[in-house]
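**Student:** This is the structure, below, for whatever I ask next.
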Amino acid sequence: MKGAQAATEAVPFFALDREFESLREPLLETVEDVLRSGQLLQGPWIAELERELATLAGRQHAVALASCTDALYFAFAALGVGAGDEVLVPDFSFAATASSVLRAGAVPVYVDVREGYELDLDHAAELLSPRTKALVFVDLYGRMGDAGAIERFAAAHELLLVEDAAQTLGAVRDGRAAGSVGRVSCLSFDPTKVVSAPGNGGALLTDDEEIALTVRELRLHGKSRRGRFERLGFNAQMSSLVAAVLSLKLRHEEPWLRARQRAARAYGETLGPLDAVTPEQPHDRAHVFHKYVLRVADRDAVRSALEERGIRTLVHYPTTLSALPFAAAAPHRGGGEGAARFAQEVLSLPVHAHLRDDEIERVCDALAEAVPPRS
């Protein structure tokens, strides 16, 4: 009966409940330690997490924040990006990539993306203007992009480079770690991420001591080390509880990565002869599979067929950034045909670390039925 019930249950897209059960005892002990300390903000767990993140990315400084969205905005603020400036951003990404630019008072310039969901640098070059001041490099879905090419482009055009590594914690390609690219990098610990907070969380990474100091002041109402409120700041602190939980979960990053890659490898083998564009097969840490995203011509039909077989899916993302209502209504330039095509074709499969073997098999069987063969 238990086996029959398992076969009829939907394969979940997320599984934070399973993650909790796997960490129940140490997680509850960690939460109790923080609560007993009375230091719910600015406790020692913040500095500990910051050291761990800086080491992971090979950076000199990490600043824990309430969200990656705050990290992106603070990056622009610390770099002096604001009114009258233009910022090159990919036209295919999460909304915060664009909203943070607008929050800074700058104008987003939407650049098309190519295979691998990386910026089309030829298109970026066409969009340059005397007002272009910065470039945002997004590592999408967990795939570390070509950091060297982006850095060379930014240097050639004297652009400030900000890395949006919200989805790529732990990724490494060609010796470069996610979080190590550009003047500033930003991380996310949203509950959907591979290492997730009990709520929201983010971090800003940099090798520039002055930038780190500025962001530390911005996150705490503009309060300086002298204890004075010397600049307009915000309340963007990460709680001690979130930091402690994240440090605990970071110890499990390696086995969780390998579990996601195991599922990704099975999906890739199944999809090989089928009419779909798939991510690269797992190799070391080049892709950490925050999401497993394939592309199919008739996305909605394939999605419906998978749902009928109990496979939960999502779409990341159903529209380009430039077409989002808030973005379309604000000053902007650019837009990408490739990005628009991807938005019509992408489909995300369950790829969390707590998928059972029988669930991975069910996803593969459903894909074999739902996706037509390659002609």
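The values are calculated or read from the model by the stated rules, or taken from the named source; none is laboratory data. Computed from a predicted structure; not experimentally measured. When we count neighbours, we look across all protein chains shown, and the Cβ atoms used for this are built from the backbone with ideal geometry, even at glycine. Protein only, heavy atoms only, side chains kept; ligands, DNA and RNA dropped before computing areas. Shrake-Rupley method; radii C 1.70, N 1.55, O 1.52, S 1.80 Å.
**Student:** Taking the stated definitions as given, is residue 83 hydrophobic (A, V, I, L, M, F, W, C), free of Cβ contacts under 8 Å to residues at least 40 places away in the same chain and open to solvent by 20 Å² or more (accessible area, probe 1.4 Å)? Before the answer, list the steps.
**Tutor:** On the way: hydrophobic (A, V, I, L, M, F, W, C): yes; free of Cβ contacts under 8 Å to residues at least 40 places away in the same chain: yes; open to solvent by 20 Å² or more (accessible area, probe 1.4 Å): yes.
It is true that residue 83 is hydrophobic (A, V, I, L, M, F, W, C), free of Cβ contacts under 8 Å to residues at least 40 places away in the same chain and open to solvent by 20 Å² or more (accessible area, probe 1.4 Å).
**Student:** Separate question: Among the residues of region 199-226, which ones are in contact (Cβ under 8 Å) with a residue 60 or more places away in the chain and touching a helix residue (DSSP H, G or I) at 6+ places or on another chain (Cβ under 6 Å)?
**Tutor:** Listed by number, the residues that qualify are 201, 202, 203, 204, 205, 206, 211, 214, 215, 218.
**Student:** Would you pick out the residues in region 287-331 that are exposed (fewer than 15 other Cβ atoms within 10 Å of the Cβ) and under 20 Å from the mean Cα position of the chain (by Cα)?
**Tutor:** 318
For (1) modelled with pLDDT of 95 or more; (2) charged (D, E, K, R), each residue gets a yes or a no:
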| position | (1), (2) |
| --- | --- |
| 20 | yes, no |
| 31 | yes, no |
| 46 | yes, no |
| 70 | yes, yes |
| 79 | yes, no |
| 84 | no, no |
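**Student:** Only one of these conditions is not met by residue 258: (1) closer than 30 Å to residue 40 by Cα; (2) assigned to a helix (DSSP H, G or I). Which number is it?
**Tutor:** (1)
**Student:** Among the residues of region 75-96, write down those that are assigned to a loop (DSSP other than H, G, I, E, B) and hydrophobic (A, V, I, L, M, F, W, C).
**Tutor:** Selection gives 81, 83, 92, 94, 95.
**Student:** Taking region 275-284 as the search range and keeping residues that are surrounded by 17 or more Cβ atoms within 10 Å (Cβ to Cβ) and modelled with pLDDT of 95 or more, which one is farthest from residue 371 (Cα to Cα)? Before the answer, list the steps.
**Tutor:** Going residue by residue through region 275-284, those that are surrounded by 17 or more Cβ atoms within 10 Å (Cβ to Cβ) are 276, 278-279, 282.
Filter once more, so that each one left must be modelled with pLDDT of 95 or more: 276, 278-279.
Numbers: 276: 7, 278: 12, 279: 16 Å.
Restricting to residues being surrounded by 17 or more Cβ atoms within 10 Å (Cβ to Cβ) and modelled with pLDDT of 95 or more, the top hit is 279.
Residue-wise test of (1) open to solvent by 20 Å² or more (accessible area, probe 1.4 Å); (2) among the hydroxyl-bearing types (Ser, Thr, Tyr); (3) out of contact with any strand residue (DSSP E or B) (no Cβ under 9 Å at 6 or more places or on another chain).
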residue	(1), (2), (3)
92	no, no, no
97	no, yes, no
111	no, no, no
123	yes, no, no
135	no, no, no
145	no, no, no
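**Student:** I want to confirm something. Restricting to region 174-196 and keeping residues that are on the phi > 0 side of the Ramachandran plot and in contact with a helix residue (DSSP H, G or I) (Cβ under 8 Å, 6 or more places away or on another chain), which single residue is modelled with the lowest pLDDT?
**Tutor:** By that ranking, first place goes to 174.
**Student:** Right, next: How many of the residues making up region 332-369 are open to solvent by 20 Å² or more (accessible area, probe 1.4 Å) and of a type in the set (A, V, I, L, M)?
**Tutor:** The total comes to 3.
**Student:** If a residue has to be over 24 Å from residue 173 (Cβ atoms) and in contact (Cβ under 8 Å) with a residue 40 or more places away in the chain to count, how many in region 88-127 make the cut?
**Tutor:** Count: 9.
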